[in-house]
């Protein structure tokens with residue numbers, strides 16, 4: 001009973017497809033890494049370079065999270081946990097940027 | 001006593017317990033690294049726009065090709081950890097050990113490269129002159145006058161020296177305390193201009209420049225104490241490296257001592273590899289942000 005030959009909520013074809021998608025994501029991540037470095041050499045002003053670098057990094061992070069970490073087809077409870085994570089992390093960044101207005105440093 | 005729901009999913013969550021556990025743990029890790037990234041934001045935005053404490057470009061101090069290669073190493077290790085999990089799902093223990101082995105080797109490579117980068121920082125020095133300009137390069141020697149007039153030479157100083165009017169007012173970290181000694185001079189192999197190949201060896205390439213003690217305000221190697229940029233660089237990357245090391249240990253255990261579970265309860269082992277893989281992807285994710293922020297911006 002305990003010896004499942006595959007994940008209980010996947011059939012074999014779906015699983016094999018998922019692995020092939022992950023290999024595609026791996027190649028995309030390598031390309032995006034090179035793109036990140038090349039784009040950083042173009043002078044867009046500090047704000048411009050920061051925005052582009054963070055945009056590409058967020059894209060790479062989403063690829064890792066959705067496909068490598070399998071979030072794109074995860075159970076609802078995980079999404080509920082991550083909503084809290086996102087809320088508190090966003091709050092952390094927001095409070096940081098708000099504190100900058102204090103001019104205490 | 002059996003730990004429940006290591007394989008069978010709980011009816012209310014639809015998942016085996018360690019998957020929820022690892023996601024909760026990763027959520028807390030997001031707050032940990034998030035807080036440090038916020039520290040980076042505050043340090044950077046509050047840095048003065050002129051003078052020696054101006055925020056540097058990452059490329060001024062960090063080696064981008066090495067950092068890019070390290071990024072590629074971690075991304076590769078992420079796909080191999082997935083392939084190792086897939087091998088276990090397909091009950092192929094040989095392939096599992098192969099791919100997990102590659103993952104562990106990638107982790108070791110990452111840590112070795114990071115250690116090399118750290119070493120490069122510790123043997124590299126910046127001399128702040130009284131006119132607020134900085135001379136950077138590799139140290140030949142620091143020559144200090146003892147109280148009895150004899151000269152003492154140091155070929156390295158792991159720490160910082162504060163100097164006022166040619167006299168050391170503060171010395172940190174190195175074993176000898178040389179405060180109140182007179183700094184005679186410093187011999188340094190200056191860095192070549194940016195774009196030229198970096199001369200590493202003391203004995204060989206660039207000739208040493210002599211800078212007299214009364215021109216110097218500070219001598220320091222590029223440790224965390226050198227500049228707030230280095231403080232946050234070392235904090236972020238060292239904490240990340242600790243995570244790489246921990247994840248590597250777990251992965252190594254799963255392919256060696258922990259492999260026995262393949263015979264007794266293969267699905268349980270598969271689930272263990274899956275959640276360890278989730279941690280490993282998180283470590284890769286943090287680096288995906290660390291690399292551009294520290295090296296490229």
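The values are calculated or read from the model by the stated rules, or taken from the named source; none is laboratory data. The model shown is predicted, which means the values in this text are computed figures rather than measured ones. Methodologically, a virtual Cβ is constructed for each residue, glycine included, from the backbone with ideal geometry; neighbour enumeration extends over all protein chains shown.
A residue that is within 14 Å of another protein chain (Cβ to nearest Cβ), within 30 Å of residue B:34 (Cα to Cα), assigned to a loop (DSSP other than H, G, I, E, B) and at pLDDT below 95 occurs somewhere in segment B:283-297. With respect to (1) within 25 Å of the chain's Cα centre (by Cα); (2) touching a residue at least 24 places away in the same chain (Cβ under 8 Å), the lone exception for residue B:7 is condition (1). Considered as a group, the residues in segment B:146-178 that are part of a loop (DSSP other than H, G, I, E, B) and buried (at least 18 other Cβ atoms within 10 Å of the Cβ) include one that is farthest from the chain's Cα centre (by Cα), and that residue is B:178.
Conditions (1) within 14 Å of chain A (Cβ to nearest Cβ); (2) touching a helix residue (DSSP H, G or I) at 6+ places or on another chain (Cβ under 7 Å); (3) under 20 Å from residue B:79 (Cβ atoms); (4) surrounded by 20 or more Cβ atoms within 10 Å (Cβ to Cβ), marked per residue:
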residue	(1), (2), (3), (4)
B:233	no, yes, no, yes
B:248	no, yes, yes, yes
B:264	yes, no, no, no
B:275	yes, yes, yes, yes
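Of the residues examined, residue B:143 is one that is in contact with a strand residue (DSSP E or B) (Cβ under 9 Å, 6 or more places away or on another chain) and either in a strand (DSSP E or B) or closer than 30 Å to residue B:285 by Cβ (or both). Is there a residue in segment B:230-253 that is under 29 Å from residue B:165 (Cβ atoms) and in a helix (DSSP H, G or I)? Among the residues of segment B:230-253, at least one is under 29 Å from residue B:165 (Cβ atoms) and in a helix (DSSP H, G or I), which makes the answer yes.
Among the residues of segment A:71-91, the ones that are more than 9 Å from every other protein chain (Cβ to nearest Cβ) and more than 16 Å from the chain's Cα centre (by Cα) come to 2 in all.
Among the residues making up segment B:89-141, those that are within 14 Å of chain A (Cβ to nearest Cβ), more than 18 Å from the chain's Cα centre (by Cα), free of Cβ contacts under 8 Å to residues at least 60 places away in the same chain and surrounded by 15 or more Cβ atoms within 10 Å (Cβ to Cβ) are B:90, B:95, B:99, B:102. Listed by position, the helices (runs of 4 or more DSSP H) enclosed by segment B:13-131 that each have at least 2 residues that are in contact with a helix residue (DSSP H, G or I) (Cβ under 6 Å, 6 or more places away or on another chain) are B:17-45, B:64-89, B:93-122.
Evaluation of residue B:1 against the conditions (1) more than 18 Å from residue B:297 (Cα to Cα); (2) in contact (Cβ under 8 Å) with a residue 60 or more places away in the chain shows that the sole unmet condition is (2).
Of all the numbered requirements in (1) under 30 Å from residue A:37 (Cα atoms); (2) facing another protein chain (nearest Cβ under 8 Å), residue B:20 misses one, and that requirement is (1).
The single residue among A:31, A:93 that is in a helix (DSSP H, G or I) and surrounded by 14 or more Cβ atoms within 10 Å (Cβ to Cβ) turns out to be A:93.
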